[in-house]
């Protein structure tokens, strides 16, 4: 789903507790599950969206894979995915700038 331009669909997930939107910026409250078989969106647990990544939580590899996954999913650059909180925790807050599309799994 693409949004942000006239005639395009709007963000379907904006009213959920784990997601906030301000223009083309999306902030997600997530729980990361490292060492998964593949990187994918999971279910919602409490007030967090579960995201599985296929990297170990060693030397920032899981965070790097998370940035790569989210950038591809939201149609932005990896440098536009900002880790706001939780660098060393599974519970994180991520801010994504310049969002051009919303993943089908979240709409």
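Bear in mind that the values in this text are calculations on the coordinates, not laboratory data. Computed from a prediction, not measured in an experiment: that's the story for all the values here. Note: ideal-geometry Cβ built from the backbone for every residue, glycine included; neighbour counts use all protein chains shown.
Can you tell me, using C-alpha contacts under 8 Å and at least 6 residues apart, the relative contact order of the range 24-106 as a whole percent?
Numbers: 160 pairs, mean separation 27.3, N = 83.
For the range 24-106, the relative contact order is 33 percent.
Compute the long axis of helix 61-74 from its Cα atoms, compare it with the longest principal axis of the Cα atoms of the chain, and write down the angle in degrees, 0 to 90, nearest 10.
It is inclined by approximately 20 degrees.
Using the Cα atoms as the points, what is the convex hull volume per residue of the range 24-106 in Å³?
80
Determine, for 70, 106, 83, 49, the number of other Cβ atoms within 10 Å of each Cβ, and report the residues in order from fewest to most.
83, 106, 49, 70
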